Amino acid sequence: DAGVTQSPTHLIKTRGQQVTLRCSPISGHKSVSWYQQVLGQGPQFIFQYYEKEERGRGNFPDRFSARQFPNYSSELNVNALLLGDSALYLCASSLVGSSAGGPNEQFFGPGTRLTVL
Amino acid sequence: AQSVTQLDSHVSVSEGTPVLLRCNYSSSYSPSLFWYVQHPNKGLQLLLKYTSAATLVKGINGFEAEFKKSETSFHLTKPSAHMSDAAEYFCVVVDTGRRALTFGSGTRLQVQP
């Protein structure tokens, strides 16, 4: 079975531009979470979606938005890019919309490396 | 709010010697804790998880961790390091309020031949 997939793998943008990152969860998983990992730091939570509804949000500005589609895939959008948005963006999927162990365990994709110049 | 503190940003061991990666947690109730590993250019992989069933948790690749409530610790250990263990390790606590994982800052494990 395929794991979590993300596209694109790498992306280079300039300040002020907008970017869309995509994630396909493991088949059967209905929840998707997004994390930002700045170089040298641990991932930070951005959003969680379950059954197409936002179920959790981290401390990120409104420039960050996301959505989940009927097939449970998800997009993360970032507007008005800043140099500080350069990071690895990770997507994680789970069966249900929580974060503990068991069926709620989160499985991570390889990430999208975003560079803002 | 729940949080974790990884006490060492970098640990270096020789192949075949024990590994100890330290993590302290802060939580107002019994937490769910994880250790994840991240190899270069690869996604995060779950090593093990604690969800109050047993204080000593065994994970993949010979790793284990012990939950100590009195010390608010969840240290990761392995009896004998292998070259393939070289990676970044993250201690993680579940933030049930935001339905999210809260990661520590990471410990980079270097294994010398």
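The values are calculated or read from the model by the stated rules, or taken from the named source; none is laboratory data. The structure displayed is predicted, hence computed values, not measured ones. Backbone-built Cβ (ideal geometry, glycine too); neighbour counts: all protein chains shown.
Summary table
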read-out: Residues of the range A:79-98 classified as part of a loop (DSSP other than H, G, I, E, B), within 25 Å of A:Y50 (Cβ to Cβ) and at pLDDT 95 or above, total; value: 1
read-out: Residue satisfying all of: in the range B:37-75; part of a strand (DSSP E or B), among the aliphatic types (A, V, I, L, M) and in contact with a Leu (Cβ under 9 Å, 6 or more places away or on another chain); nearest to A:A2 (Cα to Cα) among these; value: B:L44
read-out: Every residue from the range B:1-54 that is exposed (fewer than 14 other Cβ atoms within 10 Å of the Cβ) and aromatic (F, W, Y); value: B:Y29
read-out: Residue match in the range A:47-56 (condition: touching a residue at least 24 places away in the same chain (Cβ under 8 Å), surrounded by fewer than 19 Cβ atoms within 10 Å (Cβ to Cβ), out of contact with any Phe, Trp or Tyr (no Cβ under 6 Å at 6 or more places or on another chain) and more than 10 Å from chain B (Cβ to nearest Cβ)); value: yes
read-out: Pair list, Cβ < 7 Å and 6+ apart or interchain, from the range B:75-101 residues that are under 28 Å from B:V111 (Cα atoms) to residues that are basic (K, R) and outside any strand (DSSP E or B); value: B:H75/B:R22
read-out: Sole exception among (1) crowded, with 18+ Cβ neighbours inside 10 Å; (2) part of a loop (DSSP other than H, G, I, E, B); (3) facing another protein chain (nearest Cβ under 10 Å) for A:Q41, by number; value: (1)
read-out: Number of the condition not met by A:I26 [criteria: (1) more than 9 Å from chain B (Cβ to nearest Cβ); (2) assigned to a strand (DSSP E or B)]; value: (2)
read-out: Residue within the range A:72-87 that is among the acidic types (D, E), exposed (fewer than 15 other Cβ atoms within 10 Å of the Cβ) and without any contact (Cβ under 8 Å) to a residue 60 or more places away in the chain present; value: no
read-out: Every pair of residues 6+ apart whose Cβ atoms lie under 6 Å, when the first sits in the range B:34-57 and is at the interface with chain A (Cβ under 9 Å from one of its Cβ atoms) while the second is part of a loop (DSSP other than H, G, I, E, B); value: B:G43/A:G109; B:G43/A:P110; B:K49/A:G101; B:T51/A:G101; B:T51/B:S32
read-out: The range B:83-94: number of residues that are more than 7 Å from chain A (Cβ to nearest Cβ) and within 23 Å of B:Q2 (Cβ to Cβ); value: 5
